[in-house]
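Notes follow once the structure below has been shown.
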Amino acid sequence: LQLHSDEETKAVSKRFFKETVNVYGIKTALVSKIGKEIFKEIAHLSKDEILDICEKLWQSDMLEETFIACEWTYSKRKEFAASDIFRFKTWIEKYITNWASCDTFCNHSVGYLMEKFPENMSILKEMTHSQNRWMRRASAVSLIIPARKGLFKEDIFEIANILLLDSDDMVQKGYGWMLKVCSQEHQQEVFE
C-alpha cells in the first residue's frame, strides 16, 4: 500500500470526510486488487487467524487497511459463528472512526452475520444507546442489505424509532439510508 501512495489521491480522498482520516492515497479499485492478491497467500489460514490479522489492520487506523480488513473478514462469512458479533462490536467501538469504514464493514460482514444469526439483533439494538456515534450508525447500516431482501422490518422500525431524534448527522444519514432501503419492500409502512 505504501508503494502505491499518491499525494493527489490522498488529497481527494480526504475531501469526503468531515473528520480526520489517515489515508495512503490509493484508489479503491487498486486497494481491492492488492487485498485480493495478498489474500491468496493467507487464504489457507483459519477464520480466527484471518480475523486476528484483520484486527491488526484495523489498529493501523489507515483507511485503505480498514477496507482490506473488511474484505478479508467478509471472505470468511461462511465460517461466521454467532459469537463473532462480540468481536465485530469491539472493532466498531474501538477502531471505526469514519463513515466509509463503518458502512463497508457493517453493510457486508455485520449484515451477513445478522441474517445468519438473527438472535444477535438485541446487540444491534443495544448499540443504538452508545455514546459512540459510529456504534449508533452501525446499528442501522448493518441492516441495509438485509432490508433489500425484505428482512427485519420490525427490528428496522424499532432501531429507527430509537435513533429518530439523534442529533448526530452521521447517525441520521445511517438510519435514513436504512429506512430508504426498507421502503423498497415496505413503502407504505415506512411512510406511516
Please state which of the following conditions GLY150 fails to meet, knowing it meets all the rest: (1) in contact with a helix residue (DSSP H, G or I) (Cβ under 6 Å, 6 or more places away or on another chain); (2) in a helix (DSSP H, G or I).
-> (2)
Quick one: which of LYS18, LYS36 is open to solvent by 60 Å² or more (accessible area, probe 1.4 Å) and not in a helix (DSSP H, G or I)?
-> LYS18
Taking GLN184, is it of a type outside the set (A, V, I, L, M, F, W, C) and part of a helix (DSSP H, G or I)?
-> yes
With respect to ASP103, is the statement that it is touching a helix residue (DSSP H, G or I) at 6+ places or on another chain (Cβ under 6 Å), open to solvent by 20 Å² or more (accessible area, probe 1.4 Å) and closer than 22 Å to THR20 by Cα true?
-> no
Looking at (1) touching a residue at least 40 places away in the same chain (Cβ under 8 Å); (2) open to solvent by 10 Å² or more (accessible area, probe 1.4 Å), find the lone condition where ILE123 falls short.
-> (1)
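The values are calculated or read from the model by the stated rules, or taken from the named source; none is laboratory data. What you see is a predicted model; the values in this text were computed from it and never measured. Every residue, glycine among them, receives a Cβ derived from its backbone with ideal geometry; neighbour counts consider all protein chains shown. Ligands, DNA and RNA are excluded from the accessible area calculation, which covers all protein heavy atoms including side chains. Shrake-Rupley method; radii C 1.70, N 1.55, O 1.52, S 1.80 Å.
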